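Notes to accompany the following structure.
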Amino acid sequence: MKFSRLSILILGLCPVAASAVTAPAIVLPLRTRIQPFRADGSWVEAQFGVKLVNAKTAIIITDMWDKHWCPSETERVKVLAQRMEPLLDKARRSGMLIIHAPSSTMNFYANSPGRLSAKMAPHVQPPPELNIPDLPLPIDDSDGGCDTPTRQYDAWSREISTLSIKPGDVISDNGAEIYNVLKQHHIETVLYVGVASDMCVLDRSFGIKQMSKWGVRCILIRDMTDAMYDSRMRPHVSHSEANEMVIRYIEQHWAPTVTSSQVLAALSGASADTPHRKR
């Protein structure tokens, strides 16, 4: 077969053209805490930027239930959900994977596409866990952390309906299952939203601690979370201050943080919206 000079030129240019196409990405200004002088043990705030490829980034929505056994937490979740929905919509349309993780409600989603996609993700053996020290929290939430005390029971049946579940979203409350999904989608970084900052966000099988130990880069969206804390418990501070203390703890020992407005600003400045992920 003979090729014209034009054909040869086109064939020669194809690799260059393909390499020039870059995946949509954003740069986030993250906040962490460091100890510049180990001698005095003090922590200081530090800032740094990180580039995230949208298609290699996921958001895990932690335990944003329709109802909580703690009445005040139910009300705080309602407020969070209203502010969270626009962020999730923008992230989804920008190519990020959305993972809904309302623990102990999987029966409600048993036959939904998002649930089935999680169950069908190819199994991947997680790597040996990193040895990350698990230091005590700065607050005492051993009483359940409810500032409007009542009996504890499984009050939830599903994720709060304010949050949309769209085609391409994933539903799971199992860490190993979610790890399979992350690997299936080549996810490198997970952004966390939801409750509670001192409990489920950290300690679930899909939480910051476990994913960090498996080598996944974790980031907390710090204004999209809330602590479970009763001010009658140590260190006897307000609810908002307790949440800030937990956020500082996470920044010191587990993961950097960012605000939702910073994520939205980065996504708005990134490339044009991309279609929903397809199964």
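The values are calculated or read from the model by the stated rules, or taken from the named source; none is laboratory data. Please read these numbers as outputs of a predicted model, since none were measured by experiment. Note: ideal-geometry Cβ built from the backbone for every residue, glycine included; neighbour counts use all protein chains shown. When the accessible area is computed, the model is the full protein with side chains, heavy atoms only, and any ligands, DNA or RNA have been set aside. Shrake-Rupley method; radii C 1.70, N 1.55, O 1.52, S 1.80 Å.
Listed values, structure above:
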read-out	value
Selected from Lys51, Lys67, Lys213 as most flexible by GNM, with the chain as the system and alpha-carbon contacts under 10 Å	Lys51
Candidate lysines for bridging to Lys78, where Cα separation is under 16 Å - those fewer than 8 sequence places away on the same chain excluded	Lys67
Carbon plus sulfur fraction of accessible area for region 77-220, probe 1.4 Å, in percent	52 percent
Once exposed loop chymotrypsin sites (Phe, Trp or Tyr not before Pro) are cut out (DSSP; at most 13 other Cβ, 10 Å), longest piece of the chain	154-279
Most mobile of Ala25, Ala39, Ala196 in a GNM of the chain (Cα contacts under 10 Å)	Ala39
Accessible area (Å², 1.4 Å probe, nearest 10) - Glu45	100 Å²
Amide proton proximity set for Arg217, modelled H, under 5 Å, gap of 5+	Val190
Solvent-accessible ranking of Ser157, Ser172, largest area first, probe 1.4 Å	Ser157, Ser172
Region 122-150 and region 51-119: distance between their alpha carbon centers, rounded to Å	19 Å
Residue with peak Gaussian network fluctuation, the chain [Cα springs, cutoff 10 Å], from Arg232, Arg222, Arg31	Arg232
Taking the chain and dividing mean pair separation by its residue count, relative contact order in percent (alpha carbons under 8 Å, at least six apart)	27 percent
Which labelled figure in [x] 18.3; [y] 19.3; [z] 13.8 is mean projected area of the Cα convex hull in nm², once derived from the coordinates	[y]
In region 91-151, the trypsin sites (Lys or Arg not before Pro) that fall in loop regions by DSSP, at most 12 other Cβ within 10 Å	Arg151
